[in-house]
Amino acid sequence: MYQYEIKIPKDRIAVLIGVKGKIKKEIESVTNSKLNIDSKEGDVSIKGDDSIGLMTAKDVIYAVGRGFNPEIALRLLKPDYCLEIIEISDFARKSRKDEKRLKGRVIGADGKSRKTIEFLTETNMSVYGKTVAIIGEISRAMLAKRAIEDILQGSPHSKVYSWLEKKRKELRTEAILATEKRKS
């Protein structure tokens, strides 16, 4: 029997449980695990015999805790999907004002920057608290992570977007070549 203990924000507990416990039951079912949720403290205990299922459950729960909708978090059940977390405080000059400014750079006016990165990388992002979380196919999540880190380090948005557009074309070309190779 394996066990993990993780803590998520208290305001995300209701989302994790879902209406009439639906989300909690779904996570338990698909990961062959048992969840124990302390809604007063935000502690979540995950138990089970399937170590891979437990790791996946841990990632799904952590993603919900980082602000993702449970349906998006459950994409982590796919073997080629991953969760990436970037700590905004790692890029800030130790002031709350700087963290807030950096958070604003990642989100952009009316969410434009976040939406553009999501579109160009075909990933999902959540900016919650002092973190930016990304869910997507591994190669695409890595591109999104690098783009966000570049923005947090002060790179102009336009430069980051053009780099992402170039990488997106490269990924498409690779996918087409791989498909043609399988056909022949």
Requested in this report: Please give the helices (runs of 4 or more DSSP H) falling wholly within the stretch 1-89 in which 1 or more residues are within 27 Å of G104 (Cβ to Cβ) and either modelled with pLDDT of 95 or more or not aromatic (F, W, Y) (or both).
Outcome: 13-17, 51-65, 70-73
**Report entry** N69 of a type in the set (S, T, N, Q), surrounded by fewer than 18 Cβ atoms within 10 Å (Cβ to Cβ) and at positive phi
**Finding:** no
Query raised in the report: Got a sec? Which of E137, E170, E165, E174 is touching a residue at least 40 places away in the same chain (Cβ under 8 Å), assigned by TED's automatic domain parsing to the domain that holds I88 and more than 20 Å from A73 (Cβ to Cβ)?
Result: E165
**Report entry** Within the stretch 114-124, tally of residues that are in a helix (DSSP H, G or I) and either over 17 Å from E165 (Cβ atoms) or touching a residue at least 24 places away in the same chain (Cβ under 8 Å) (or both)
**Finding:** 5
Report task. Only one of these is surrounded by 15 or more Cβ atoms within 10 Å (Cβ to Cβ), touching a Pro at 6+ places or on another chain (Cβ under 8 Å) and touching a residue at least 40 places away in the same chain (Cβ under 8 Å): V64, V132, V106, V127. Name it. Result -> V64
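The values are calculated or read from the model by the stated rules, or taken from the named source; none is laboratory data. Keep in mind the model is a prediction, meaning the values are calculated, not measured. Glycine gets a Cβ as well: all are built from the backbone with ideal geometry, and neighbour counts include every protein chain shown.
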